[in-house]
Amino acid sequence: MTRRVGPPSVAGMTRDLPEAVRDLLNQHAGVLTRAEALGAGLTRKQLEARLESGRWQRLHTGVYAAFSGQPGRPSLLWAALLRAGPSSALSHHTAAELDGLAPDQARLQGPLQGPLQGPPQGPLTGWRAIHVMVPSGHQVAPLAGVVLHYSGRLDEARHPARTPPRTRVEETVLDLAVAAGSLDDALGWVLRACGSRRTTPGRLAAALALRGRVRWRAELSATLGLAADGVHSLLEFRYVTRVERPHGLPAGHRQHLVVRAGQRQYQDVTYREYGLVVELDGQAAHPAGSRWRDVRRDNASTAGGQGTLRYGWADVTGRPCFVAGQVADALAARGWTGAPCRCGRSCGLAGTGRARPG
């Protein structure tokens, strides 16, 4: 038998409650604190009766869901916030989830990730950890299924209007970048946020400037500069930093808008003067290894006079010199009079033999 996830209609389950209590439940996805319930007109006896009968359930100490059955994600988010206190805000992966920076990441695909402050249990089972930020100095007891972060600048980091309360997009992105396990992951958060138009490089740069010590500050700043030029993914970033610049290729135009059959499309890299387009397919776009054998064969033909080259993650990161040689050949076939340069002594630059020393 499938258990219901999330509250039923608040109107249907709270007709016998004071209006102030109903208002709170409507605002908080069917969840409220003990203090809120009593302050809004519910008596202690009425509250205990609902809990003992199973009509209501306890999600955290002093925080209740005014329904039976398994709570949905919105109810769990509000429960964590209410338990952490009125100054708290959702942050990191949870704020990213709400703002579309990490879609479809709420449900577990495996074990819970991150240093949980308590084991997931009861109604929390099946969801990823909830990240909550609280002001420094405001200690919160460990919460099951919740990762607590403390910040001395939460007032400026919190979004002024969005509900449930959460950190601003720019703060969320920088929090995740600083906490990332690798530089690639950190840059990926910044580039995805800009590429999805959830924020802009300028806003992220302004937020970065307000912070004191920041891990990878120089690299993040440099990446924001490229993002402002239209680099919107880590693969595009690697193309610029491992293929284009180190081998002396001309700078391509990023995210060039074209309209085909009435649809707007953006080309990853366009060398407009030479009629050449380079499309970059991220790792998620690789359905099978055989597809890339076909793509590489097509690329060889394109280098001889056609108009599009297409590369994936393995090409750009695993053999950037070869890619640079193909792009240089294609550009030369379309009138480029420059010459690619070798990126170092061991550079495997392929092509016409016009390569000059790096």
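Annotations
- From the list 200, 172, the lone residue that is over 23 Å from residue 79 (Cα atoms) and outside the structural domain of residue 319 (by TED's automatic domain parsing) is 200.
- Sole residue being assigned by TED's automatic domain parsing to the domain that holds residue 309 and either free of Cβ contacts under 8 Å to residues at least 24 places away in the same chain or not aromatic (Phe, Trp, Tyr) (or both), chosen from 210, 257: 257
- Contact map, the stretch 264-281: first residue closer than 21 Å to residue 314 by Cβ, second residue among the polar types (S, T, N, Q) and assigned to a strand (DSSP E or B), Cβ cut-off under 6 Å, separation 6 or more or different chains; pairs are 277/267; 277/270; 277/308.
- Single residue of the stretch 307-353 satisfying the filter (basic (Lys, Arg) and under 19 Å from residue 270 (Cβ atoms)) that is surrounded by the most Cβ atoms within 10 Å (Cβ to Cβ): 310
- Residues within the stretch 21-50 that are part of a helix (DSSP H, G or I), surrounded by 14 or more Cβ atoms within 10 Å (Cβ to Cβ) and among the hydrophobic types (A, V, I, L, M, F, W, C), tallied: 6
- Some residue of the stretch 188-197 being closer than 27 Å to residue 313 by Cβ, of a type in the set (S, T, N, Q) and either exposed (fewer than 13 other Cβ atoms within 10 Å of the Cβ) or assigned by TED's automatic domain parsing to the domain that holds residue 268 (or both): no
- Helices (runs of 4 or more DSSP H) contained entirely in the stretch 266-358, each with at least 1 residues that are at pLDDT 90 or above: 313-318, 320-333
- Some residue of the stretch 203-213 being charged (D, E, K, R) and outside any helix (DSSP H, G or I): yes
- Conditions (1) outside any helix (DSSP H, G or I); (2) at negative phi: number failed by residue 197: (2)
The values are calculated or read from the model by the stated rules, or taken from the named source; none is laboratory data. Since we're looking at a predicted model, the values are computed, not measured. Note: ideal-geometry Cβ built from the backbone for every residue, glycine included; neighbour counts use all protein chains shown.
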